[in-house]
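My structure is below; once you've seen it, I'll send some questions.
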Amino acid sequence: MNKAYIGLGSNIFPRKFFIESALRKIALEKGITLKGRSSVYDTHPIGNSLQGRYLNSVVEVETSLGPHELLSRLLRIEKTLGRVRQGKNGPRTIDLDILLYGDRVIRDNNIAIPHPRMHERDFVIFGMNEISPMAIHPVLNMAIGDIHNKRQMKIIRTPREAHSYVSSLRQKGRRVGFVPTMGCLHEGHLSLVKKARCENDVVAISIFVNPAQFGPREDYKRYPRNFIEDKKLAKRAGVDIIFYPDTKNMYTPTHSTYVDAEDISENLCGRFRPGHFRGVATVIAKLFNIIPADNVYFGQKDAQQAFIIKRMARDLNIPVNIRILPTVREKDGLATSSRNAYLSKKERREAAVLFKSLLLAKDLIRGGERRAANIIKRMKDSINKNSSAKIEYIAIVDTAGLKDIKTLKGEVLIALAAYFGKTRLIDNSIIKVK
């Protein structure tokens, strides 16, 4: 059996249908076994930029077929899915290319292996790095992971340069995804980057510990910072641009303009961190102006922040698509957070109780409980019984204005904050109640 890698692409509606149909047909072919597949990437067309965007993916197969017979089967699948060849770089229902076939190098009138431009195609390098980073390109004599790591990543320090550079990319038709962070990157951030990588041509992140969102007795000075490690993680995840400004570039000495999302910022964390969300909304509004992205990605762990940012973008007519992605959790359910590094071993073990209390709330709701006070009491009892945490708040609110509710109905947000030693952790769950 020989190992081969196949690239798939479609830019005729319905793109996802053609990708999935091709995968099913490949799996049904005698002599071909699917071993792995990458994410699906939404990419800018190469060559003729007037045609539609592509969905692309990479699959790993084991096959008893020779390279020419494998190509023949793939061409037959293309034909059954309506592929009409209209010259180079034309639109197609499905495009199936052999990228690598073992360590073979073949160049004749019918086939070229490895694919001559595979190392220039981001979706190929990202996709193969997902499923087989140690695969060797037989011409370049490099592992795919090494090719991936040799991609250039631009680090920009000033708002003016960042805005100019990102604007120029969008003028060329490139779709830009943006992930704002305060650095100390973890799996939660990287999951946002991965989603941005799949949905955009260019991925930018910001690394800026925003002083405006920290209170006078909060942890601004000791907030974890490790730019060298952040750069490594960002590059490995496929980031193209890091915006890494100094505080003086974000807040001049005479800075006096702030964004305040009234009402929606007053409950939950807003009750205990006065001015926090004014600082968050201000810096995010600034970042939206500096990085004029198509799509911006946030995690649900900071649920109130996400609601405020969506409200701000709506109210200020900021033309950006805001994507809120599920919370990434560690094995015991604790939400990933830069602040988890502050926890002692004992505190870290106990911190899993927060997620367990949210699961308890779900079980109570599933069992028919609709009184918020009863659910909150059971959650508090569970946390107090199983940890030394000091609960700051547990609340159940509607998702329209984040107002406390007495009886659960429709979509509700269950949110909490608690201290483990000096470390403040938050978590939440959104539930649709019938």
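Regarding the range 190-200, can at least one residue be identified that is over 14 Å from Pro292 (Cβ atoms), surrounded by fewer than 21 Cβ atoms within 10 Å (Cβ to Cβ) and acidic (Asp, Glu)?
Yes, because at least one residue in the range 190-200 is over 14 Å from Pro292 (Cβ atoms), surrounded by fewer than 21 Cβ atoms within 10 Å (Cβ to Cβ) and acidic (Asp, Glu).
Contact list please: Cβ distance under 8 Å, first residue in the range 215-239 and among the polar types (S, T, N, Q), second residue not in a helix (DSSP H, G or I), pairs at least six apart or on different chains.
Asn226/Gly183; Asn226/Cys184
Tell me, which residue of the range 310-345 that is in a loop (DSSP other than H, G, I, E, B) and of a type in the set (A, V, I, L, M) is surrounded by the most Cβ atoms within 10 Å (Cβ to Cβ)? Lay out the reasoning, then the answer.
Of all residues in the range 310-345, those in a loop (DSSP other than H, G, I, E, B) come to 316-320, 326-328, 330-334, 336-337, 343-344.
Those still in the list that are of a type in the set (A, V, I, L, M) too: 316, 318, 320, 328, 334, 343.
Working: Leu316: 12, Ile318: 16, Val320: 16, Val328: 18, Leu334: 21, Leu343: 19.
The extreme case among them is Leu334.
Going through Pro138, Pro133 one at a time, which residue ends up being in contact with a helix residue (DSSP H, G or I) (Cβ under 6 Å, 6 or more places away or on another chain) and either surrounded by 15 or more Cβ atoms within 10 Å (Cβ to Cβ) or of a type in the set (Lys, Arg) (or both)?
Pro133
If you don't mind, another one. If I ask for residues that are buried (at least 20 other Cβ atoms within 10 Å of the Cβ) and either among the charged types (D, E, K, R) or out of contact with any strand residue (DSSP E or B) (no Cβ under 9 Å at 6 or more places or on another chain) (or both), which ones from the range 206-232 would you list?
Within the range 206-232, Asn210, Gln213, Asp230 meet the criteria.
Ok, one more. Which ones in the range 43-62 are in a loop (DSSP other than H, G, I, E, B) and either more than 27 Å from Cys198 (Cα to Cα) or of a type in the set (Asp, Glu) (or both)?
none
When the residues of the range 327-339 are filtered to those that are at pLDDT 95 or above and of a type outside the set (Ser, Thr, Tyr), which remaining residue is nearest to Lys195 (Cα to Cα)?
Val328
Moving on to the next point. State whether one or more residues within the range 415-425 are outside the structural domain of Phe277 (by TED's automatic domain parsing), under 16 Å from Cys269 (Cβ atoms) and in a helix (DSSP H, G or I).
no
Shifting gears a bit: Which one of these is closer than 15 Å to Tyr5 by Cα, loosely packed, with under 13 Cβ neighbours inside 10 Å and outside the structural domain of Gly177 (by TED's automatic domain parsing): Glu69, Glu60?
Exactly one residue qualifies, and that residue is Glu69.
Among the residues of the range 360-379, write down those that are of a type outside the set (A, V, I, L, M) and either assigned to a helix (DSSP H, G or I) or outside the structural domain of Ser429 (by TED's automatic domain parsing) (or both).
Lys362, Asp363, Arg366, Asn374, Lys377, Arg378
Just the residues that are closer than 16 Å to Ala162 by Cβ and among the charged types (D, E, K, R), please, taken from the range 231-280.
Residues satisfying the conditions are Asp240, Asp246, Lys248.
Is the range 1-21 home to any residue that is touching a Cys at 6+ places or on another chain (Cβ under 9 Å), of a type in the set (A, V, I, L, M), within 19 Å of Arg175 (Cβ to Cβ) and in a loop (DSSP other than H, G, I, E, B)?
No; the residues of the range 1-21 include none that is touching a Cys at 6+ places or on another chain (Cβ under 9 Å), of a type in the set (A, V, I, L, M), within 19 Å of Arg175 (Cβ to Cβ) and in a loop (DSSP other than H, G, I, E, B).
Can you tell me which condition Lys434 does not meet? The list is (1) more than 23 Å from Arg271 (Cβ to Cβ); (2) at pLDDT 95 or above; (3) charged (D, E, K, R), and all the others hold.
(2)
So Leu65 ticks every box in (1) part of a loop (DSSP other than H, G, I, E, B); (2) under 22 Å from Lys194 (Cα atoms) but one. Which box is left unticked?
So Leu65 meets the others, but not (2).
Can you tell me which residue within the range 82-121, out of those that are within 29 Å of the chain's Cα centre (by Cα) and closer than 23 Å to Phe13 by Cβ, is surrounded by the fewest Cβ atoms within 10 Å (Cβ to Cβ)?
Looking at residues that are within 29 Å of the chain's Cα centre (by Cα) and closer than 23 Å to Phe13 by Cβ, I get Pro91.
Residues that are touching a residue at least 40 places away in the same chain (Cβ under 8 Å), crowded, with 17+ Cβ neighbours inside 10 Å and under 26 Å from Phe298 (Cβ atoms): does the range 361-377 have at least one?
yes
Only residues that are β-branched (Val, Ile, Thr) and assigned to a helix (DSSP H, G or I): list them for the range 120-147, please. I'd like the intermediate steps shown before the answer.
Our first condition is that a residue be β-branched (Val, Ile, Thr); within the range 120-147, this holds for 124-125, 131, 136, 139, 144, 147.
Selection gives Val124, Ile125, Ile131, Ile144, Ile147.
A follow-up question, please. Only one of Ile113, Ile98, Ile77, Ile46 is farther than 26 Å from Ala143 by Cβ and aliphatic (A, V, I, L, M); which?
Numbers: Ile113 fails: farther than 26 Å from Ala143 by Cβ; Ile98 fails: farther than 26 Å from Ala143 by Cβ; Ile46 fails: farther than 26 Å from Ala143 by Cβ.
Going through Ile113, Ile98, Ile77, Ile46 in turn, just one is farther than 26 Å from Ala143 by Cβ and aliphatic (A, V, I, L, M): Ile77.
The values are calculated or read from the model by the stated rules, or taken from the named source; none is laboratory data. Quick caveat, the model's predicted, so the values are computed rather than measured. No Cβ is skipped: glycine too gets one built from the backbone with ideal geometry, and neighbour counts run over all protein chains shown.
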